[in-house]
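The values are calculated or read from the model by the stated rules, or taken from the named source; none is laboratory data. Model, not experiment: these values are computed from the prediction. Counting neighbours? That spans all protein chains shown, and the Cβs are built from the backbone with ideal geometry, glycine included. Protein only, heavy atoms only, side chains kept; ligands, DNA and RNA dropped before computing areas. Shrake-Rupley method; radii C 1.70, N 1.55, O 1.52, S 1.80 Å.
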Amino acid sequence: MSNSLQFQLKSFERLLKIMDELRENCPWDKKQTMQSLRHLTIEETYELGDAILDNNIEEVKKELGDLLLHIIFYAKIGSETNDFDIADVCNEISDKLIHRHPHIYGDVVVKDEEEVKQNWEKLKLKEGKKSVLEGVPKSLPALVKASRIQDKAKGVGFDWEEPHQVWDKVQEELQELQVEVEAKNQDKIEAEFGDVLFSMINYARFLNINPEDALERTNKKFIKRFQYLESKANQLGKPLMDMTLTEMDVFWNEAKKL
């Protein structure tokens, strides 16, 4: 065993020991359940996502630690009820990885990443899943869920062949939306607007763009520019609500140049 691996295992053992001590002695840690931790875990996952988007490696390291703590916490709770422990968690994911990678641990030959993904979905169906879409969590945000749905459908060959076909579909959905907007049918407007978003997310895949990352990039850009506008209004001693759109636009264009 290499010194590096020994150090990693010792670090992991240290964390497990600390978790045992906290669960036994800390009033807050003693009270936690899987249900009480759930929303905190989701929050930690989003904080990790923010750090990755900001390319803040130091924060990525810290947030990974927070998320790892949650995994250890769930496993500790599971061990207290004799349902599972951290060893079961590690062994189960290890077994799954070996089973899902027959091109590494078996005699299956693949030519590229796409075949790996297709084999992955086929193996999941053989494991008893009735639909390739079963693996998409119901609680995912709609934009992320749409992306995962399309990605999984692609894994079994249900997909467009060329990018221009997807772009044509986007144009078609936009036209259908416009028809309903003109008809002022609110329910159908919502349905068609959803179709437009779904087709745009599909097009993003063909452009090799993650739609969630792209939208968050725009969110951050808007926030930065809007806060510049607010700071300029504050310097003038004039509330934004008292400024005209023309006045605001001057500072907005300054922010864009920055």
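In segment 65-84, the residues that are within 15 Å of LYS17 (Cα to Cα) reach residues that are open to solvent by less than 40 Å² (accessible area, probe 1.4 Å) and among the β-branched types (Val, Ile, Thr) with C-beta atoms within less than 7 angstrom, at least six apart or across chains, in these pairs: HIS70/THR41; ILE72/ILE86; ALA75/ILE86. The single condition among (1) surrounded by 15 or more Cβ atoms within 10 Å (Cβ to Cβ); (2) closer than 30 Å to ILE149 by Cβ; (3) out of contact with any Pro (no Cβ under 9 Å at 6 or more places or on another chain) that ILE86 does not meet is (2). Candidates are the residues of segment 179-196 that are open to solvent by less than 90 Å² (accessible area, probe 1.4 Å) and not β-branched (Val, Ile, Thr); the one that is nearest to ALA142 (Cα to Cα) is GLY194. A residue that is surrounded by 15 or more Cβ atoms within 10 Å (Cβ to Cβ) and closer than 29 Å to ASN119 by Cα cannot be found anywhere in segment 215-226.
Of all residues in segment 36-63, exactly one satisfies the criterion of being open to solvent by 90 Å² or more (accessible area, probe 1.4 Å), within 24 Å of PRO141 (Cβ to Cβ) and hydrophobic (A, V, I, L, M, F, W, C), namely ILE52. Of all residue pairs spaced 6 or more apart or on separate chains, those with beta-carbon atoms under 8 Å, a first member in segment 212-240 that is in a helix (DSSP H, G or I) and a second member that is acidic (Asp, Glu) are TYR228/GLU254; LYS232/GLU254; LEU240/GLU230. Mind checking whether some residue in segment 239-255 is surrounded by 13 or more Cβ atoms within 10 Å (Cβ to Cβ), among the hydrophobic types (A, V, I, L, M, F, W, C) and closer than 23 Å to ASP50 by Cβ? Looking for residues that are surrounded by 13 or more Cβ atoms within 10 Å (Cβ to Cβ), among the hydrophobic types (A, V, I, L, M, F, W, C) and closer than 23 Å to ASP50 by Cβ, one finds at least one in segment 239-255, hence yes.
Right, GLU59: within 19 Å of the chain's Cα centre (by Cα) and at pLDDT 95 or above or not? It would help to see each step written out before you state the result.
Values: within 19 Å of the chain's Cα centre (by Cα): yes; at pLDDT 95 or above: yes.
Judged against the criteria, GLU59 is a match.
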